[in-house]
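The next block holds one structure in the form of structure tokens; read it before the comments.
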Amino acid sequence: MEAADAAGGRRERQRLVRVARGLEDGDLLVRGARVVQPATGEVFEADVLVAEGRVAALVGTGTGARAARTVEARGAFLAPGFMDAHVHIESSLLTPARFAAAVLPRGTTAVVAEPHEVVNVLGVRGLTWMLEAGRGSGLRVFASVPSCVPASEWERGGAEMNGAEVAETLRLPGVLGLAEMMNYPGVLGGDAHVWNVLEAGRHGRMDGHAPCVSGRDLQAYAAAGLHSDHEATTPEEARERLRAGLWLMVREGSAARNLEALLPVLRGRPRRAMLVSDDVSVDELLELGHLDRLLRACVAGGLHPADAISLVTCNPAEYWGLHALGLVAPGYHADFVLLSDLKDFEVLETFVGGVEARPGQTTPPLSGGGVDLGPGWDTATFDVPPHWPVMVVRPDQITTGVGAPGTGDARLVVADRYGRGEVAACWTSGTGLTGGALAVSVLHDAHNVAVLGGSDADVRAAGRALENLGGGVVVVAGGKVRASLPLPYAGLMSDLPPHEAAARLAEVTAAARALGCTLPYPVTTLSFLGLSVIPALKLTPRGLLDVNAWRLLPREPENQPVVAGTGP
């Protein structure tokens, strides 16, 4: 499916007009529906007439509208297809076609993918692959161009992108704008590379990413030209962003859950708000759902169903300039979903372009992006400087806390997976792991190897197991692999059917819990412990980063303590 929002050819538009006027039969008639119109907050009875993949007209029931094919809605609610305005498909651990298989039955018809995971591994080739794979997925997959490759000066992944490359990729069909600018210290500090990227994206949408940034710093961040933020975790932060003119993306994913805290803001019906998943794993997609789960939470939290639906339809479409998506109205793409009710949001059928949605069955090949830990890995030791603070892991947020030295209970090791031989270790608390090792090649955003484990032997065994898989997720105990999920696509994604990938991931989670891990989604949480632009402590192959002070901690003691702060 083309990831584009073209206006359509003259012939197609003229036929659409004839069908709307009743001079010609349509291609599809959905009869007897209750149409949800988020633009007005109404729900009304209508028949929906479709031609050329677009809505031709909404007509009164029983008016005799005709089409080649009729679907009887029988009073079901007909709403625009859901759109995720900010999602990393790779974080589902699935390729785009397999991701589509998981979310199409949940009513999602379009996503704006932020492919900085695969781009940090493979560069521009990863972006073009994501667009190609998206076209064959069954979803409308748009993309934003990663702005931070690598995410910061403290990380090294498999690729780098400068302002000129960003400018070039912004011209690719299906690309809508600049992705989240995570290096907010670079924005505020006038970093030349960061500002070259900003200037490259200046004439389109530019997503923001400003965790814990407030006051004059938030005003400055908005003044730099960013348009949105999805890092608000409190009502105060959310309102501050809205007052600064930023669009509020309310995030509810597997590692960061902010919706419940921000419901008081959404009940105020802010004009510039939307719901996004950001990062959501395959097991949660199948167990709890995608945007339908967020809609259930919104309605249970007091929002009118039409207002909730606007947060995943017309609002994100307006934000991204997708003027033919987001409503069920004449001339709009016939992307809609039939729902049994507006409380549980049970999806009866999903349509894309006026056709019952079906996921793609093939994924284009993608070479490279495996794991190379180097020959020294087999004899490596992973000592932690005794004066380093402990990284406090939070089960439902991607921020971390700061604990006193000597209070940790599980060691974290992060190793370069691109053959450079760099490795560092620190102590963590809050994971519950008491033995063995959990290892991943998914580590935002440089995607090195992260191992949460005990003995050096188990850490080494887990790393070599990842090498043998070509990337993935493994649990090791006593030097033996207990469970694994291979991720052969750039060490990030599997092309297994969603239920099979989820079953393998469930085995990994169960094996981690058998080692004492108490995290609800251990793989997803572990994958964020190296993200250098999220406070307060993060571990890179170069060492432990104090994000608030924006510096690597020295390996020798000094008098300046690390404290939890609100940002640089």
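The values are calculated or read from the model by the stated rules, or taken from the named source; none is laboratory data. Only a predicted model underlies this, so the values are computations on that prediction, with no experimental measurement involved. Note that we place each Cβ from the backbone using ideal geometry, even for glycine, and neighbour counts take in every protein chain shown.
Mind telling me which of the residues Tyr521, Tyr489 ends up being within 30 Å of Cys148 (Cα to Cα), surrounded by fewer than 24 Cβ atoms within 10 Å (Cβ to Cβ) and in the same structural domain as Val475 (by TED's automatic domain parsing)?
Tyr521
Tell me, please, whether a residue that is in a loop (DSSP other than H, G, I, E, B), hydroxyl-bearing (Ser, Thr, Tyr), touching a Leu at 6+ places or on another chain (Cβ under 9 Å) and buried (at least 18 other Cβ atoms within 10 Å of the Cβ) can be found in the stretch 305-313.
Yes.
Being closer than 28 Å to Thr128 by Cα, crowded, with 24+ Cβ neighbours inside 10 Å and not hydroxyl-bearing (Ser, Thr, Tyr) narrows it down to one of Leu515, Leu529, so name that one.
Result of the check over Leu515, Leu529: Leu529.
Looking only at the stretch 500-520, count how many residues are touching a helix residue (DSSP H, G or I) at 6+ places or on another chain (Cβ under 7 Å) and part of a loop (DSSP other than H, G, I, E, B).
So the answer is 1.
Given the structure, is Gly401 within 29 Å of the chain's Cα centre (by Cα), at positive phi and at pLDDT 95 or above?
no
Of Gly157, Gly190, which residue is within 30 Å of Leu552 (Cα to Cα) and free of Cβ contacts under 8 Å to residues at least 12 places away in the same chain? Please lay out each step first, then the result.
Working: Gly157 fails: free of Cβ contacts under 8 Å to residues at least 12 places away in the same chain.
None of the other options fit; the residue is Gly190.
Among the residues of the stretch 496-512, which ones are buried (at least 18 other Cβ atoms within 10 Å of the Cβ) and more than 16 Å from Thr434 (Cα to Cα)?
Of everything in the stretch 496-512, those that are buried (at least 18 other Cβ atoms within 10 Å of the Cβ) and more than 16 Å from Thr434 (Cα to Cα) turn out to be Leu496, Pro498, Ala501, Ala502, Arg504, Leu505.
Hey, could you check the stretch 193-235 for residues that are touching a residue at least 40 places away in the same chain (Cβ under 8 Å) and charged (D, E, K, R) and say which is nearest to Leu531 (Cα to Cα)?
Step by step, filter the stretch 193-235, then rank; the result is Asp207.
Which of the residues belonging to the stretch 261-288 are touching a strand residue (DSSP E or B) at 6+ places or on another chain (Cβ under 6 Å) and either surrounded by fewer than 22 Cβ atoms within 10 Å (Cβ to Cβ) or in the same structural domain as Glu507 (by TED's automatic domain parsing) (or both)?
The one that is touching a strand residue (DSSP E or B) at 6+ places or on another chain (Cβ under 6 Å) and either surrounded by fewer than 22 Cβ atoms within 10 Å (Cβ to Cβ) or in the same structural domain as Glu507 (by TED's automatic domain parsing) (or both): Arg272.
For residues in the stretch 181-190 being at pLDDT 95 or above and outside any helix (DSSP H, G or I), which is farthest from the chain's Cα centre (by Cα)?
Gly190
Identify, please: which residue in the stretch 454-464 is of a type outside the set (S, T, N, Q) and surrounded by fewer than 21 Cβ atoms within 10 Å (Cβ to Cβ) and is, among those, nearest to the chain's Cα centre (by Cα)?
Filtering first and then ranking leaves Arg464.
Just to be sure before I move on: is Leu366 surrounded by fewer than 23 Cβ atoms within 10 Å (Cβ to Cβ) and within 32 Å of the chain's Cα centre (by Cα) in the structure I sent?
Here the answer is yes, as Leu366 does meet what is asked.
Please go through the stretch 210-227 and pick out each residue that is in contact with a helix residue (DSSP H, G or I) (Cβ under 7 Å, 6 or more places away or on another chain) and surrounded by 21 or more Cβ atoms within 10 Å (Cβ to Cβ).
Hits for the stretch 210-227 are Ala210, Val213, Leu218, Tyr221.
Test Leu412 against the stated conditions and say whether it is more than 22 Å from the chain's Cα centre (by Cα), in a loop (DSSP other than H, G, I, E, B) and closer than 19 Å to Thr524 by Cα.
Considered against the rule, which asks whether it is more than 22 Å from the chain's Cα centre (by Cα), in a loop (DSSP other than H, G, I, E, B) and closer than 19 Å to Thr524 by Cα, Leu412 comes out as no.
Results for (1) over 22 Å from Asp229 (Cα atoms); (2) assigned by TED's automatic domain parsing to the domain that holds Ala256; (3) modelled with pLDDT of 95 or more, shown as yes or no for each residue.
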position: His86; (1), (2), (3): no, yes, yes
position: Phe99; (1), (2), (3): yes, yes, yes
position: His116; (1), (2), (3): no, yes, no
position: Asn120; (1), (2), (3): no, yes, yes
position: Val124; (1), (2), (3): yes, yes, yes
position: Phe142; (1), (2), (3): no, yes, yes
position: Val145; (1), (2), (3): no, yes, yes
position: Ser152; (1), (2), (3): no, yes, no
position: Leu172; (1), (2), (3): yes, yes, yes
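Check off (1) within 21 Å of the chain's Cα centre (by Cα); (2) surrounded by fewer than 18 Cβ atoms within 10 Å (Cβ to Cβ) for Asp207 and give me the number that stays unchecked.
Of the numbered conditions (1) within 21 Å of the chain's Cα centre (by Cα); (2) surrounded by fewer than 18 Cβ atoms within 10 Å (Cβ to Cβ), the odd one out for Asp207 is (2).
Have a look at Ala46, Ala57 and point out the one that is crowded, with 21+ Cβ neighbours inside 10 Å, assigned to a strand (DSSP E or B) and touching an Asp or Glu at 6+ places or on another chain (Cβ under 9 Å).
Unique residue meeting the criteria: Ala57.
Quick one: what pairs do we get from the stretch 163-178, first residue crowded, with 17+ Cβ neighbours inside 10 Å, second modelled with pLDDT of 95 or more and assigned to a loop (DSSP other than H, G, I, E, B), C-beta under 6 Å, 6+ apart or different chains?
The qualifying pairs are Leu178/Ser147; Leu178/Gly201.
Would you point out the residue of the stretch 155-180, among those that are over 21 Å from the mean Cα position of the chain (by Cα) and of a type in the set (Asp, Glu), that is farthest from Trp320 (Cα to Cα)?
Among those that are over 21 Å from the mean Cα position of the chain (by Cα) and of a type in the set (Asp, Glu), it is Glu165.
Please indicate, with yes or no, whether at least one residue in the stretch 422-430 is part of a loop (DSSP other than H, G, I, E, B) and within 27 Å of the chain's Cα centre (by Cα).
Checked against the condition, which is being part of a loop (DSSP other than H, G, I, E, B) and within 27 Å of the chain's Cα centre (by Cα), the stretch 422-430 yields at least one hit.
Which residues, counting only those in the stretch 326-363, are more than 23 Å from Glu117 (Cβ to Cβ) and within 20 Å of the chain's Cα centre (by Cα)?
Result: Gly326, single match.
Kindly check whether there is at least one residue in the stretch 375-391 that is closer than 30 Å to Arg98 by Cα and among the aliphatic types (A, V, I, L, M).
no
In this structure, is Ala461 farther than 18 Å from Thr428 by Cα, touching a strand residue (DSSP E or B) at 6+ places or on another chain (Cβ under 9 Å) and not in a strand (DSSP E or B)?
Working: farther than 18 Å from Thr428 by Cα: yes; touching a strand residue (DSSP E or B) at 6+ places or on another chain (Cβ under 9 Å): yes; not in a strand (DSSP E or B): yes.
So Ala461 passes the test.
Report every pair of residues separated by at least 6 positions or lying on different chains whose Cβ atoms are under 6 Å apart, first residue within the stretch 260-275 and on the phi > 0 side of the Ramachandran plot, second modelled with pLDDT under 95.
Close Cβ pairs (under 6 Å, with a partner that is modelled with pLDDT under 95) do not exist here.
Restricting to the stretch 251-281, give me the number of residues that are under 19 Å from the mean Cα position of the chain (by Cα), assigned to a loop (DSSP other than H, G, I, E, B) and of a type outside the set (A, V, I, L, M, F, W, C). So that I can check it myself, show each step before the final result.
As a first pass, look at the stretch 251-281 and keep what is under 19 Å from the mean Cα position of the chain (by Cα): 251-260, 262, 273-281.
When the remaining residues are screened for being assigned to a loop (DSSP other than H, G, I, E, B), the result is 253-256, 258, 277, 279-281.
If we keep only those that are of a type outside the set (A, V, I, L, M, F, W, C) too, we end up with 253-254, 258, 277, 279, 281.
The qualifying residues number 6.
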